[in-house]
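For reference, the structure discussed in these notes is given below.
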Amino acid sequence: MEIATARTSVDLGQSLARIPVRGLVLVASVAIAYNYSLQTLTRGLGLQTPLAYLGLVPLIALLLGVINFRLQPNLRPIHDRQLDWIVGLFLVAVAASISVLLPSAYSADFWLHRIDMIGLPIFAAGMTSLLYGVRRLWALRWAVLFLFLAWPDPYITVLATAIGTSTDLALAAVEASLHLIPVAQPLGNGTFLVAHGDEQFSLAVGSACSGINSLVGFMIMGAAFNTIFKGGIFRRILWLAAGLLLVGALNVARIDLIFVAGWAFGQAFAIDVLHPVAGIVVFGVGALAMLGIAPLFGLHIPVPPRRDETMNLSRPTIGSPSLRPASRRFRVAAPMAVALVLAALLAVPNASFAHYDSLVDAFGHPTLGTIDPNGVTVSGWQAAPSTSFDQATSYFGPHATWERVAFSSTATSAASPSSVYLDVIRTDDPGSLASYGVESCYNFHGFSQVSTSSIDVGAGVQAKAASFRSPISGTDWSILWWEWPYSAGGQTRYERLVLLAPLDSAGQSGGTTLASFKTADSSLVSLARSIVNAGMSNPAQQGVQQ
């Protein structure tokens, strides 16, 4: 009886020991620290956008990590946990700096370029080093680096030129196929006329429907498979190229199938029943087909070692100090506790990124339209018609504009400035805004800077405020400005809004007083918040790629 009880206890202990506690803590810490960032990615899975499959990247990275543990179950540890802690804490500190310091520096541009996603793989690497050690981190390098594929910004840059080409190729292939199956008639501009009995209706093939979604999705899946495959690099590239061709051909077949469904069963069946699932089915069929024919390219997935081959590889000698229960429990539990605490600390700034939602969506596309200076109405202020400056193209690019509106106060308070100017500068070159900054302009003309500060004017917008004294007796200035992206015809452009309050320093010893500057700053902040609120009610008219 005692022998049976002891054997049961041993079996139970071995079963509990097989639970990957450190792995669960690793996944939980990443999910907690980047809770909002990961949540925004998963929103896109059901959308018709080329970046829809980015939400799968963290799950695929997790799967790659599990496969790595199966293929390399026992790595010789480096018996120097100090190195693991140094590397791990350094990487976590880098990720924390990105989440804590850069949002205030970049304001809306932080979310526009989704800089938060750069910190995700760095944080995951730090957690891996803390929990498993540097040697395991090196073994998991491809799984960790794969997380960089969840960063939307590089895709946006590439897709800006690739979408048009992909759409044109898909439309050409569809029109050619309709000579064989004449179920639709091309009308031009990606529109096709389909007849179902006596009913006729048109179907438009936009960029989102042309197959670019599946091509991006296969690129992600193909990159994951290539980290597992055994075979030459040329063979892997050839396999990936063949997969893209297959997925592109299947997408043409998908569009033809939707036309056939509309011709046979009507518009409702083609659009409401078949269209939502056809893309997912095509993507899945293409991925499975390419995985199945990988051996034809000389590629194969390695077989994990048998359990009996690895059970005793790294087992320490009985009685060695490393097996002392208390010491071992502490060495395992301490990094797990630290990992969860660090994750909880980083979860706070990450959750705060939700205030950017009204400016930029999860994939870095602006959600605002431009501000019309002549349409700005603020309680307590009367606006004059806007004037334009021709210097805009000289400073901010050939397509830039610069408009100014003068506001006169209708309030009776003598403390507030009697007039304020609003400058609206628009450009498609954000570098020009950085080259010709507001502060540098006043410094160049000899103004002395009295104060500077950063102020939240709503919707996650960090405005800068500054006060300047004139180099000669005359007009001093309180200024507040911010920059944000907006969408114009599906393209991202940039807008700088500057509020300027002139302050007459005549008759004041030493110039405008600090109290007058502070009063003017307060008025500008109030105006800025009203303008930002007005901008929130002017959503962008997104292009077809959205």
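The values are calculated or read from the model by the stated rules, or taken from the named source; none is laboratory data. It should be emphasised that the depicted structure is a prediction, and the values quoted were computed from it without experimental measurement. FYI the Cβ positions are ideal-geometry reconstructions off the backbone, even for glycines, and counts take in every protein chain you see.
The table below lists the values:
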quantity: Residue match in region 57-76 (condition: touching a residue at least 60 places away in the same chain (Cβ under 8 Å) and in contact with a Gly (Cβ under 7 Å, 6 or more places away or on another chain)); calculated: no
quantity: Unique match (being over 28 Å from Asp361 (Cβ atoms), out of contact with any Pro (no Cβ under 7 Å at 6 or more places or on another chain) and in a loop (DSSP other than H, G, I, E, B)) among Ser451, Ser416, Ser440; calculated: Ser416
quantity: Search result, residues across region 164-189 that are aliphatic (A, V, I, L, M), loosely packed, with under 13 Cβ neighbours inside 10 Å and part of a strand (DSSP E or B); calculated: Leu187
quantity: Residue within region 190-199 that is crowded, with 17+ Cβ neighbours inside 10 Å and either aromatic (Phe, Trp, Tyr) or in a helix (DSSP H, G or I) (or both) present; calculated: yes
quantity: Residue match in region 132-144 (condition: surrounded by 13 or more Cβ atoms within 10 Å (Cβ to Cβ) and on the phi > 0 side of the Ramachandran plot); calculated: yes
quantity: Only one of Val174, Val183, Val194 that is under 18 Å from Val247 (Cα atoms) and assigned by TED's automatic domain parsing to the domain that holds Ala270; calculated: Val174
quantity: Answer from Ile212, Ile293, Ile237 - the residue that is under 19 Å from Gly164 (Cα atoms) and aliphatic (A, V, I, L, M); calculated: Ile212
quantity: Residues of region 432-449 satisfying the condition of being aliphatic (A, V, I, L, M) and either modelled with pLDDT under 85 or exposed (fewer than 13 other Cβ atoms within 10 Å of the Cβ) (or both); calculated: Ala434
quantity: Verdict on Val10 being modelled with pLDDT of 90 or more and of a type in the set (Val, Ile, Thr); calculated: no
quantity: Some residue of region 450-460 being farther than 14 Å from Leu524 by Cα, buried (at least 20 other Cβ atoms within 10 Å of the Cβ), of a type in the set (S, T, N, Q) and assigned by TED's automatic domain parsing to the domain that holds Ser516; calculated: no
